[in-house]
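Reading through the structure tokens given below for one structure.
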Amino acid sequence: MTAPGRYAASDNSFTRSTATAAARGGILIVIAIVIGVLLLWQGFDGDDPVETDDSDAEETSDDMEEEETPTTSVDGSEDDVPDTTSTTTTAAPVVVDPPNLVKVAVLNGRGETGLAGSRSDHLKTAGYVSIAANADTSDKEFSRVYYTPGYADEAELVAVALNGAPSVIEAAPADPLTLVSETYREATTDYHIYVVLGADAVLG
């Protein structure tokens with residue numbers, strides 16, 4: 001006897017199960033696509049190169065160079081703050097010849113006997129090389145200490161030694177022997193300082 005055959009249920013349950021399986025498969029496919037898209041998007045987002053503005057980079061480099069440039073101070077060391085310390089210039093000391101190298105001719109210009117001799121002796125005591133002579137005239141009103149070129153400072157010291165003030169110092173004429181009586185000109189040649197004693201008696 002032939003076994004009875006199996007037939008699909010008449011309530012369409014087979015059709016419903018097939019549709020359900022197909023729907024589930026479609027949902028899984030959609031989920032897989034979404035996950036794949038998300039993964040690809042994250043991958044591309046991490047690999048995107050960062051674009052930089054060349055002008056900004058150059059400005060940043062220039063700023064760094066300006067900040068790193070040190071300031072050199074006055075003493076040659078590098079410092080952030082310039083050294084504004086002012087320097088004081090000290091004048092060189094005045095160098096004068098010692099008295100024994102200075103030749104002084106003392107000229108009597110007011111006709112008083114022995115006047116030039118006494119003042120010359122006073123200078124000799126102070127260490128000067130000195131000689132007494134007469135001036136070109138005996139009516140000099142003012143006393144003067146005449147100096148040849150290079151002996152201005154020495155002339156000031158001679159004036160002080162004779163109790164005079166710096167105001168009596170004056171540059172000698174081009175030919176200082178014109179201050180001396182002709183009788184004494186040869187003896188007083190090449191002297192450095194010529195002291196004329198006048199009527200004001202400020203030098204003795």
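Just in the range 130-177: which chymotrypsin sites (Phe, Trp or Tyr not before Pro) are loop by DSSP and have at most 16 other Cβ atoms within 10 Å? Walk me through the intermediate numbers first.
Working: sites: Phe142, Tyr146, Tyr147, Tyr151; in loops: Phe142, Tyr151.
In loop regions of the range 130-177 (DSSP not H, G, I, E or B), the sparsely surrounded chymotrypsin sites (Phe, Trp or Tyr not before Pro) are Phe142.
Taking amide H atoms as placed 1.01 Å from N in the peptide plane, list the residues 5 or more away in sequence, or in a different chain, whose amide H sits under 5 Å from that of Val180.
Asp136
Let me check against my output: what whole-number percent is the relative contact order of the range 99-197, with C-alpha pairs under 8 Å and at least 6 apart?
Across the range 99-197, relative contact order equals 39 percent.
Using a simple spin-label model with points 7 Å from Cα along the Cα→Cβ vector, what separation in nm is obtained for Asn163 and Ala22?
14.8 nm
So what are the ³J(HN,Hα) numbers for the range 23-28, from phi and the Karplus equation (6.51, -1.76, 1.60; θ = phi - 60°), rounded to whole Hz, Gly and Pro as x?
5, 5, x, x, 5, 4
Determine, for each peptide in 188-195, 170-177, the mean count of other beta carbons within 10 angstrom over its residues, then list the peptides with the highest first.
Packing proxy ranking, top to bottom: 188-195, 170-177.
Once both labels are modelled 7 Å past Cα along the beta-carbon direction, what's the Asp175-Phe142 spacing in nm?
Each label point lies 7 Å from its Cα, and together they span 2.4 nm.
For a test of the definition: using alpha carbon positions, the gyration tensor, and the 1.5 limit on a/c, classify the range 99-197 as rounded, prolate or oblate.
Values: a/c = 1.26, a/b = 1.16, b/c = 1.08.
Since a/c stays below 1.5, the shape of the range 99-197 is classed as rounded.
The numbers here are math on the coordinates, done by the rules we state, and not lab data. Predicted model, so just to flag it, every value in this text is computed and none were measured. Cβ coordinates were reconstructed from backbone atoms using ideal geometry, including for glycine residues, and neighbour counts include every protein chain displayed.
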